Structure formats: C-alpha cells, structure tokens
1. Hey, could you check segment 72-99 for residues that are in contact (Cβ under 8 Å) with a residue 24 or more places away in the chain and part of a strand (DSSP E or B) and say which is nearest to residue 31 (Cα to Cα)?
2. Condition test on residue 69, is it among the aliphatic types (A, V, I, L, M), in a strand (DSSP E or B), in contact with a strand residue (DSSP E or B) (Cβ under 7 Å, 6 or more places away or on another chain) and over 29 Å from residue 44 (Cα atoms)?
3. Sort out which residues of segment 109-132 are surrounded by 12 or more Cβ atoms within 10 Å (Cβ to Cβ), among the polar types (S, T, N, Q) and within 29 Å of residue 45 (Cβ to Cβ), and write them in order of number.
4. Name every residue in segment 1-46 that is in contact (Cβ under 8 Å) with a residue 24 or more places away in the chain, among the small types (Gly, Ala, Ser) and within 24 Å of residue 122 (Cβ to Cβ), in order of residue number.
5. Is it the case, given these coordinates, that residue 106 is surrounded by 14 or more Cβ atoms within 10 Å (Cβ to Cβ), among the hydroxyl-bearing types (Ser, Thr, Tyr), under 12 Å from the mean Cα position of the chain (by Cα) and on the phi < 0 side of the Ramachandran plot?
Amino acid sequence: MSVTDDLLNGHATLIAGAGLGVFNPSGVYASSDLAIFLKIMPDAPDRCIVLNWIPLTDEVNIPEGSGLLQIAARSARNNPIDVDNILDPIFDLLQNKTGYTLGATTVDQCLRVGAVPMGQDSLVRFERADKYTLTVAQTPTTLRPYSG
C-alpha cells in the first residue's frame with residue numbers, strides 16, 4: 001500500500017467508525033447513506049464526503065513529510081446548513097489528533113488550516129471543502145533513513 005492509500009482509506013474508515021458516514025470501498029451506497037468516497041464526487045447520493053490527499057513537503061534526511069487532507073462534503077438538496085452538519089463533527093474527530101497509525105503510515109499531528117464554502121451545484125446541493133495539514137511519518141527507505 002502507498003502512503004496515499006493508507007491516508008485516504010484509513011481516514012475514510014476512521015470517519016465511518018465514528019458513525020459520521022458510511023464507507024464502502026466498492027462505491028455502492030443506498031440513496032439515504034452519507035457516503036464516503038475517495039478523490040471523486042459522484043452524482044449520487046446527494047449527501048456525501050470526499051477525501052483527497054495533496055502532498056506538500058518531504059524531508060530529505062528522515063522519513064517524514066506533510067500534506068493536506070482535503071475533506072469535501074455535499075449537502076442534501078435545498079439545505080445549506082447540512083454541509084456544516086456533515087463536516088463539523090469530522091472537525092471534532094480530527095482536530096489536533098496526534099500519533100495515530102493508518103496502515104504503515106503514522107500521522108504525527110492533524111490540524112485544520114481552512115474551510116471553504118464551494119457554492120452549490122445545479123441541484124441546489126451545497127458544498128464545502130475543509131483542509132487539514134498532516135505531519136506524516138512514513139516507513140524508512142534507503143534514501144530517507146531514520147538517522148539521515
């Protein structure tokens with residue numbers, strides 16, 4: 001598994017495990033599910049969460065880096081507050097979470113750095129994207145050993 005796979009699948013599982021959404025890696029959901037997807041926001045169901053990983057920096061001498069975990073959500077139709085009801089509990093789950101392992105990747109710290117309203121689509125479903133900075137410890141390699 002890659003770091004991206006660990007972070008996306010791991011956070012999807014973490015969010016679902018907290019009862020804040022439903023994660024099915026096959027992508028099959030009921031229309032009533034608050035579905036969690038990786039990288040792509042589908043047309044249905046209306047209410048959904050989408051995770052994406054944006055690498056930012058990688059240390060040269062140690063196996064550590066940082067990046068943005070983007071968590072976007074879309075609301076039920078005609079309900080602008082619903083997107084906040086989806087993302088605010090995820091903030092409570094992740095903000096300042098430290099020392100947790102997802103697959104072979106350890107997240108040293110998770111901090112939200114912004115939340116941006118993204119408007120609405122043609123079906124009047126409102127969207128918002130939150131970004132969290134993650135400091136990530138990775139498996140050492142020959143080029144990035146623990147000692148440098």
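Nothing in this text is a laboratory measurement; each read-out follows from the coordinates by a stated rule. What you are looking at is a predicted structure, and each value in this text was computed from that prediction instead of being measured. Neighbour counts run over all protein chains shown; Cβ positions are idealised from the backbone, glycine included.
1. Here the residue is 76.
2. Details: among the aliphatic types (A, V, I, L, M): yes; in a strand (DSSP E or B): yes; in contact with a strand residue (DSSP E or B) (Cβ under 7 Å, 6 or more places away or on another chain): yes; over 29 Å from residue 44 (Cα atoms): no.
Criteria not met by residue 69.
3. 120
4. 21
5. Answer is no for this residue.
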